[in-house]
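Asks: Here it is, the structure, as structure tokens.
The values are calculated or read from the model by the stated rules, or taken from the named source; none is laboratory data. This structure is a prediction, so every number in the text was calculated from the model and none was measured. Here the Cβ positions follow ideal geometry from the backbone for every residue, glycine too, while neighbour counts run over all protein chains shown. SASA here: full protein model, heavy atoms, side chains in, ligands and nucleic acids out. Shrake-Rupley method; radii C 1.70, N 1.55, O 1.52, S 1.80 Å.
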Amino acid sequence: MEHVFLTDRGKVRQHNEDSVSIFENGSGLLAIVADGMGGHLAGDVASQMTISVFKEMWNEAPDFKGPQEAESWLEEKVMEVNRSVFAHSRENSDCQGMGTTIVTAIVTQSFATIGHIGDSRCYILNKSGFKQITQDHSLVNELVKSGQISREDAEHHPRKNVLLRALGTEEHVELDIQTLSIEPDDIVLLCSDGLTNKLTDSVLEEELRKNDDLLHTAEKLVLMANENGGEDNISLAAIKKVANYELGEEPC
């Protein structure tokens, strides 16, 4: 599988509170985008802890025989990470109230298991088109769903950044999780709101469809978000199932 991840501070923020990575093992790939929040530098701590703990867990993860095992593993491990981040915030005064969004994907040769908390997103580009897989855990998204405001109003709502759910801010948290089938040439995109607040879905789709090179595409998306203001940190991870992949080969 072809894969790439990038993070950028943006043009305004003094620090990058996003963390992103992709890890490999015998089952496939684990991609994570975490957008930290909290006091001075505490967001960095929350997002970096999330990535670091997941790296260790993924190294010890079993080979998944199917989506159900992947979903169970992911849900269990997210709860463990949530407890770790929450405990750290309570034990360190500089980190009180810190937390992070998380969107993560376990991608194998036949399926992708997606989990998320917060407003970092997952999209998929496949033969059916380009689709947002996750639903933001945000105040404005709830207002849209209830019909109180339009999607257009949501783009400029003064409380747009208010989250209803985040990892590490409470002792218990709910993870939204789902599994999708994966076919050759499908692309899974994970990203923080620093990207999606600056680029429309149609622009994301257009650039991914060009896809002459996944790294080039990722770099261009980050550049475009910065050209449109770059007020927030910008992060993304993208995975493409290569069409000529043969069973038994190692992921590349």
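Asks: Please go through the stretch 5-41 and give me each residue that is open to solvent by less than 50 Å² (accessible area, probe 1.4 Å), of a type in the set (Val, Ile, Thr) and closer than 24 Å to residue 97 by Cα, ordered by number.
Replies: Answer for the stretch 5-41, where residues must be open to solvent by less than 50 Å² (accessible area, probe 1.4 Å), of a type in the set (Val, Ile, Thr) and closer than 24 Å to residue 97 by Cα: 20, 32, 33.
Asks: For residues that are of a type in the set (Lys, Arg) and either without any contact (Cβ under 8 Å) to a residue 24 or more places away in the chain or in a loop (DSSP other than H, G, I, E, B) (or both), tally how many sit in the stretch 78-98.
Replies: Initial filter on the stretch 78-98 (of a type in the set (Lys, Arg)): 83, 90.
With the extra rule that they be either without any contact (Cβ under 8 Å) to a residue 24 or more places away in the chain or in a loop (DSSP other than H, G, I, E, B) (or both), the set shrinks to 90.
Residues meeting the conditions: 1.
Asks: Another question, then. Does residue 49 meet the test of being over 15 Å from residue 237 (Cα atoms), open to solvent by less than 70 Å² (accessible area, probe 1.4 Å) and touching a Lys or Arg at 6+ places or on another chain (Cβ under 6 Å)?
Replies: Considered against the rule, which asks whether it is over 15 Å from residue 237 (Cα atoms), open to solvent by less than 70 Å² (accessible area, probe 1.4 Å) and touching a Lys or Arg at 6+ places or on another chain (Cβ under 6 Å), residue 49 comes out as no.
Asks: For the stretch 23-31, check the following and say yes or no: at least one residue is farther than 30 Å from residue 231 by Cβ, of a type outside the set (Ser, Thr, Tyr) and in contact with a Lys or Arg (Cβ under 8 Å, 6 or more places away or on another chain). Write out each step before concluding.
Replies: Initially, the stretch 23-31 is screened for residues farther than 30 Å from residue 231 by Cβ, giving 24-29.
Of the ones still in play, those that are also of a type outside the set (Ser, Thr, Tyr) are 24-26, 28-29.
Right, trim to in contact with a Lys or Arg (Cβ under 8 Å, 6 or more places away or on another chain) and you get none.
Looking through the stretch 23-31, none of the residues is farther than 30 Å from residue 231 by Cβ, of a type outside the set (Ser, Thr, Tyr) and in contact with a Lys or Arg (Cβ under 8 Å, 6 or more places away or on another chain).
Asks: Name the one entry in 60, 2, 69 that is charged (D, E, K, R), surrounded by fewer than 20 Cβ atoms within 10 Å (Cβ to Cβ) and at pLDDT 95 or above.
Replies: Residue meeting the stated conditions: 69.
Asks: Okay, moving on. Between a first residue in the stretch 48-63 that is under 16 Å from residue 18 (Cβ atoms) and a second residue that is of a type in the set (S, T, N, Q) and open to solvent by 40 Å² or more (accessible area, probe 1.4 Å), which pairs have beta carbons less than 8 Å apart while being 6 or more apart in sequence or on different chains?
Replies: Every condition considered, the pairs that remain are 49/84.
Asks: Follow-up. List pairs: first residue in the stretch 127-156 and touching a residue at least 24 places away in the same chain (Cβ under 8 Å), second residue surrounded by fewer than 14 Cβ atoms within 10 Å (Cβ to Cβ) and small (Gly, Ala, Ser) anywhere in the structure, Cβ distance under 6 angstrom, at least six positions apart or on different chains.
Replies: Final answer for the pair search is none.
Asks: Same structure again: What pairs come up if the first residue lies in the stretch 196-211 and is under 11 Å from residue 225 (Cβ atoms) and open to solvent by 40 Å² or more (accessible area, probe 1.4 Å), the second is modelled with pLDDT of 95 or more and not in a loop (DSSP other than H, G, I, E, B), and their beta carbons are under 6 Å apart, counting only those six or more places apart or on different chains?
Replies: If the second residue must be modelled with pLDDT of 95 or more and not in a loop (DSSP other than H, G, I, E, B), the pairs left are 198/225.
Asks: While we're here: Has the stretch 179-190 got at least one residue that is at pLDDT 95 or above, within 21 Å of residue 82 (Cα to Cα), of a type outside the set (Phe, Trp, Tyr) and open to solvent by less than 50 Å² (accessible area, probe 1.4 Å)?
Replies: Taking every residue of the stretch 179-190 in turn, at least one turns out to be at pLDDT 95 or above, within 21 Å of residue 82 (Cα to Cα), of a type outside the set (Phe, Trp, Tyr) and open to solvent by less than 50 Å² (accessible area, probe 1.4 Å).
Asks: Let me ask something else. Return the total of residues in the stretch 82-134 being over 23 Å from residue 168 (Cα atoms) and out of contact with any Cys (no Cβ under 8 Å at 6 or more places or on another chain).
Replies: 14
Asks: Select from the stretch 158-175 the residues that are open to solvent by 40 Å² or more (accessible area, probe 1.4 Å) and in contact with a Lys or Arg (Cβ under 9 Å, 6 or more places away or on another chain) and write down the one among them that is nearest to residue 86 (Cα to Cα).
Replies: Filtering first and then ranking leaves 171.
Asks: If you don't mind, another one. Within the stretch 19-34, can one find any residue that is assigned to a loop (DSSP other than H, G, I, E, B) and of a type outside the set (D, E, K, R)?
Replies: yes
Asks: Still on this structure, please answer the following. Cβ-Cβ distance below 6 Å, separation of 6 or more or different chains: which pairs start in the stretch 171-184 with a residue that is assigned to a loop (DSSP other than H, G, I, E, B) and end on one that is charged (D, E, K, R)?
Replies: 175/75; 182/241; 184/241
Asks: Another question about this same structure. In the stretch 189-228, what residues are touching a Lys or Arg at 6+ places or on another chain (Cβ under 7 Å) and among the charged types (D, E, K, R)?
Replies: Correct list: 207 only.
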